[in-house]
Amino acid sequence: MPIVALKDILDRALAERYGVAAINIINDLTIEAVVAAAAEERAPVILQTSVKTVKQYGRRQLHDIVETLVREADVPVTLHLDHCPDRAVISDCLDGGWNSVLFDAHELDVADNLRQTTEVVAEARKTGAHVEGEIEGIQGVEDDVGSDDAPRVQSLEVAVDFIERTGVDCFAPAIGNAHGQYKQAPVLDAQRITDLVAATGKPMALHGGTGLSDDQFTDLIARGCAKVNISTALKETFMKSGLEFLRTTAERDKWDPPSLFKHQRAAVLEMARRHIRLFGGSGRAW
């Protein structure tokens, strides 16, 4: 199945109140493992790339890798550019086959953010792509983007006006969530999700998912968080499983790279499968 539109995936998820796992991949192994997990669960999935990963590989090469690895997948897959404040990178990725972008302009004042996001939406439409927007930063630094300062949360009226006037297809609100690992259990403003969905009919994106409880995920998805981001969990799973294997390898003094890759793939696949099931995505492929 070719890469499909973000809107097709999220509109179904919002209508049926399940969450689609949006997982930040970092290399070919993690791409293949996440897609394999989605295929096993018969679930749609969103592959997210950070600006850092795009620049590491180069836009053309990264897209070619993704395209090759999802070509035989028989579940819906979307390719999304996560947290990008750079309009040039957004344009490059839209030209290069990404069918979804998050224009992260939360550091701008709302009026300038609205103006530029409207321009990004118009640009994306030319290639049939979709746009996630935000006006409030999500606390925490992820892939060198963000801040540890608590964001200023805008009023419901300001957020609804932004969503309606820009035409974004998905919105990422600040509700007390944060990127990275939480230092303490987060207190979330879940009602804000309910209010935004009721006012706009648009799916919400939940950022800072790693570390939330199962009950928090379930509640927020039921309220309209159709896109659920997972980044830290993948990075930790990939690196910790590698560390675990290498410690054993060092003890045995037996060095076999393919065995390392197999071990990491299995760990990442299981991590992705667990989140897909938790979010209610299993069996939702079409």
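The values are calculated or read from the model by the stated rules, or taken from the named source; none is laboratory data. Nothing here was measured: the structure is a model prediction, and the numbers come from that model. Virtual Cβ from ideal backbone geometry, glycine too; neighbours counted across all protein chains shown. Keep in mind that these areas ignore ligands, DNA and RNA; they rest on the heavy atoms of the full protein, side chains included. Shrake-Rupley method; radii C 1.70, N 1.55, O 1.52, S 1.80 Å.
For the range 96-121, the tally of residues that are in contact with a strand residue (DSSP E or B) (Cβ under 9 Å, 6 or more places away or on another chain) and not in a helix (DSSP H, G or I) stands at 11. For LEU69, the conditions (1) over 19 Å from LEU234 (Cβ atoms); (2) open to solvent by 20 Å² or more (accessible area, probe 1.4 Å) are fulfilled apart from (1). Of all residues in the range 214-230, those satisfying the criterion of being open to solvent by less than 50 Å² (accessible area, probe 1.4 Å) and either small (Gly, Ala, Ser) or closer than 21 Å to ALA159 by Cα (or both) are LEU220, ILE221, GLY224, CYS225, ALA226, LYS227, VAL228, ASN229.
Being assigned to a helix (DSSP H, G or I), touching a Cys at 6+ places or on another chain (Cβ under 7 Å) and within 17 Å of ALA22 (Cα to Cα) is the filter here; which residues of the range 37-95 pass it? Step through it out loud before you land on a result.
To start, the set of residues in the range 37-95 that are assigned to a helix (DSSP H, G or I) comprises 37-41, 51-57, 59-70, 87-95.
Checking which are touching a Cys at 6+ places or on another chain (Cβ under 7 Å) leaves us with 51, 54, 59, 90.
Correct list: VAL51, VAL54.
Cβ separations smaller than 8 Å between residues 6+ apart or across chains give the following pairs from the range 7-35 residues that are open to solvent by 60 Å² or more (accessible area, probe 1.4 Å) to residues that are acidic (Asp, Glu): LYS7/ASP169.
One line per residue, one yes/no per condition, for (1) under 22 Å from VAL20 (Cα atoms); (2) at pLDDT below 60:
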| position | (1), (2) |
| --- | --- |
| GLU134 | yes, no |
| SER147 | no, yes |
| GLN154 | no, no |
| GLU157 | no, no |
| ALA172 | yes, no |
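On the stretch given as the range 231-254, residues that are in contact (Cβ under 8 Å) with a residue 60 or more places away in the chain and either touching a strand residue (DSSP E or B) at 6+ places or on another chain (Cβ under 7 Å) or open to solvent by less than 50 Å² (accessible area, probe 1.4 Å) (or both) total 4.
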